[in-house]
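Down below is the structure, laid out as structure tokens.
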Amino acid sequence: MPKLKLVHPRRPATGGRTESVKNLTTRGRTKRVKNLTGSVRPQMVKPLTGSARPPVMAKIDYKKSLPEVYGARRAPAEVRVPGGTFLAVDGVGEPGDAAFQEAMHQLFTLAYTTRFTMKKAGGVDFTVPALECVYLDNPCEKGRREWHWRVMVRVPPCVKAPTLREVRKAIAAKKGPATDAVKRITWAEGKALQLLHVGPYDQVGTAYQRLADETAARGLQVVGPAHEIYLNDPRRVAPERLKTIVRMAVKKGR
């Protein structure tokens, strides 16, 4: 791998302001959550040698290549989610608290910086897709401060550990934000039921109940964690128009 040089792009106009958005789950009060996607400045990395830009491959956009995974209708429907590579951060606590914000900050910093690094080097270009969150245990059985969650974004399989190591080193050398909590994982969700929830995040519990009823009606059994994908920006969209894919992995019941 060529030596890497870190260059800083211009600061986005949105800056690092804080926005008020509702929690991503069914119960509780509104949290103050950072505008992380707007405030993250990608730490762009490029090769030291050569001034000519290599040709860039076609951009990977999972919203287009996996429309059944990153799109849904309001009625419950079955989908088979293929395995993939993700950048992910695990944490414990209330969605929207300080730990959750820090996890998102590290996640998007590494994801966007890796994207621009690979594009500058003439490799694969990809769109950083919608934020996903899975709840690794049953939130109904624990208090909010004990919830185990995983925030993640899908990335191309060619985003390998050596590339991530080089990007992290370059970010650290320029005293950029820490990204040590971000890990590269592979995950195959498989067969699932999903629907599109339109409305405030604190009303998503109705979507889970509809999925539970549909699961029983189809003779299926829930086998995976609660899974949510956030399709639009709560800074720019009214709460009643927020779109969230709600999904649960299932298998044939006994």
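Coordinate-derived values only; no laboratory data. Nothing here was measured: the structure is a model prediction, and the numbers come from that model. No Cβ is skipped: glycine too gets one built from the backbone with ideal geometry, and neighbour counts run over all protein chains shown.
Determine the dipole magnitude for the range 84-187: charges of +1 sit on the beta-carbon of Lys and Arg, -1 on that of Asp and Glu, nothing else is charged, the reference point is the Cα centre, and the result goes in debye to the nearest 20.
Here the range 84-187 has a charge dipole of around 640 debye.
At a 10 angstrom cut-off on C-beta neighbours, averaged per residue, how do the peptides 87-93, 242-248 rank from highest to lowest?
The packing order, highest mean first, is 242-248, 87-93.
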*Over all alpha-carbon pairs of the range 84-187, lay out the pair-distance distribution in 10 Å bins, whole %, shortest bin first.*
15, 46, 28, 10, 1
*Applying 1/(1 + (r/R0)^6) with R0 = 25 Å to the Cβ-Cβ distance of ASN138 and SER65, what FRET efficiency is obtained, to the nearest 0.05?*
0.20
*In whole Hz, with x marking every Gly and Pro, tabulate ³J(HN,Hα) for the range 176-190 from phi via Karplus 6.51 cos²θ - 1.76 cosθ + 1.60, θ = phi - 60°.*
x, x, 5, 9, 5, 7, 7, 10, 9, 10, 10, 8, 10, 6, x
_Can you sort HIS105, HIS148 from fewest to most other Cβ atoms within 10 Å of each residue's own Cβ?_
HIS148, HIS105
*Quick one: length gained pulling ASP233 to ALA99 fully straight, 0.36 nm per residue minus the C-alpha distance?*
46.2 nm
